[in-house]
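The values are calculated or read from the model by the stated rules, or taken from the named source; none is laboratory data. Note that the coordinates shown come from a computational prediction; the quantities given were computed from them, not determined experimentally. Note that each Cβ is placed from the backbone with ideal geometry, even for glycine, and that neighbours are counted across all protein chains shown.
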Amino acid sequence: MTIQTDGRISLNADAGDILAMLGAKYAQILWDKEASRMALRPLKRQDRTAFKLTFWPGKRGSLLSARSFLNSIQWQNSDPFTTEVHWNEKDGLFEAVLPPGRVGSRKQK
């Protein structure tokens, strides 16, 4: 998973394959502040708390625009950030750990 500086989150081909297999069109983003962990819950239908997934013909990865989520956790986006994402089959979630130093430390204007 890569968090781009413009607020987009891109998922690699393997994650895209799982999303396609599930028929996911949207994803909820879950946040555990204490553990600095995020999760993506794939959804087939739109939900007011979900972000739309974008897929490209002939490509296996996926993308979602999550600027509002990243702003809410005060993500430091000075450069792209890539981390491993794990599929938790039991809970139906993609899970990732974000570095605590990049969240919640934005200076208020």
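Some observations on this one:
- Annotation: of all residues in the stretch 58-84 being part of a loop (DSSP other than H, G, I, E, B) and within 17 Å of residue 21 (Cα to Cα), the one that is nearest to the chain's Cα centre (by Cα) is 61.
Okay, residues lined up against (1) at pLDDT 95 or above; (2) touching a Ser or Thr at 6+ places or on another chain (Cβ under 8 Å); (3) buried (at least 16 other Cβ atoms within 10 Å of the Cβ); (4) of a type outside the set (Lys, Arg):
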| position | (1), (2), (3), (4) |
| --- | --- |
| 22 | yes, no, no, yes |
| 58 | no, no, no, yes |
| 102 | no, no, yes, no |
| 105 | no, no, no, yes |
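- Among (1) part of a loop (DSSP other than H, G, I, E, B); (2) in contact (Cβ under 8 Å) with a residue 60 or more places away in the chain; (3) in contact with a strand residue (DSSP E or B) (Cβ under 8 Å, 6 or more places away or on another chain) - the single one residue 18 does not satisfy: (1)
- Residue under evaluation residue 68, criteria (1) touching a Lys or Arg at 6+ places or on another chain (Cβ under 8 Å); (2) of a type outside the set (A, V, I, L, M, F, W, C); (3) surrounded by fewer than 16 Cβ atoms within 10 Å (Cβ to Cβ), criterion not met: (1)
- In the stretch 85-109, the residue that is nearest to residue 22 (Cα to Cα) out of those that are of a type in the set (Val, Ile, Thr) and within 12 Å of the chain's Cα centre (by Cα) is 85.
- Picking from residues in the stretch 25-52 that are among the aliphatic types (A, V, I, L, M) and within 14 Å of residue 85 (Cβ to Cβ), the one that is surrounded by the fewest Cβ atoms within 10 Å (Cβ to Cβ) is 30.
- Selection status of residue 37, closer than 24 Å to residue 77 by Cβ, in contact with a strand residue (DSSP E or B) (Cβ under 8 Å, 6 or more places away or on another chain) and not aromatic (Phe, Trp, Tyr): yes
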